[in-house]
Amino acid sequence: MRTRDLERIRDGLLAERDRVQRIIARHAKAIQHADDQTGDGAGKAHSNHMADQGSDEIQYETMIHLAGAETDHLFDIEEALAKLENGTYGRCEEGDHAIAVERLMAVPTARLCIACQEKREKMSA
């Protein structure tokens, strides 16, 4: 892979990492705010109105789910950056061959080449 391509991918991963970290911080702040409103550390938002309580709980659980998904994405970004540093970036984890540059440009956190990814998806279907 060309150095210019690697630099572009690294820059994109760093920008994405910053974006995801900001999102996670926002979710954490909102979750903390919801926890603080209960006053008992129960981990759920509780409305003063019974009719709103279900909506509040769904919103709270959605925030937790989104924060978890972003945390998983952040882990993938960190893994890709580590691979860039140690020289293993762009190698398929199953077939140990090169992942196409076009795939890495589209999905910089890709761990598998397209053929291995398709094989994995067929096996899990």
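Restricting His49, His97, His27 to residues that are on the phi < 0 side of the Ramachandran plot, at pLDDT below 95 and surrounded by 17 or more Cβ atoms within 10 Å (Cβ to Cβ) narrows the list to His27. Assessment of the range 65-85 against the conditions (of a type in the set (A, V, I, L, M, F, W, C), surrounded by 17 or more Cβ atoms within 10 Å (Cβ to Cβ) and modelled with pLDDT under 95) yields at least one matching residue.
Could we say that Leu66 is touching a helix residue (DSSP H, G or I) at 6+ places or on another chain (Cβ under 9 Å) and in the same structural domain as Lys29 (by TED's automatic domain parsing) here? Show your work before the answer.
Details: touching a helix residue (DSSP H, G or I) at 6+ places or on another chain (Cβ under 9 Å): yes; in the same structural domain as Lys29 (by TED's automatic domain parsing): yes.
Judged against the criteria, Leu66 is a match.
Yes or no: Ala110 at pLDDT 95 or above and assigned to a helix (DSSP H, G or I)? When the stated conditions are applied, Ala110 does not pass them.
Tell me yes or no: at least one residue of the range 88-100 is of a type outside the set (Val, Ile, Thr), under 28 Å from Arg26 (Cα atoms), outside any helix (DSSP H, G or I) and not assigned by TED's automatic domain parsing to the domain that holds Val20.
No: the range 88-100 contains no residue that is of a type outside the set (Val, Ile, Thr), under 28 Å from Arg26 (Cα atoms), outside any helix (DSSP H, G or I) and not assigned by TED's automatic domain parsing to the domain that holds Val20.
Looking at Thr88, Thr71, which one is of a type in the set (Ser, Thr, Tyr) and over 20 Å from Glu7 (Cα atoms)?
Just a single option satisfies the conditions, and that option is Thr71.
The values are calculated or read from the model by the stated rules, or taken from the named source; none is laboratory data. Quick caveat, the model's predicted, so the values are computed rather than measured. Note that we place each Cβ from the backbone using ideal geometry, even for glycine, and neighbour counts take in every protein chain shown.
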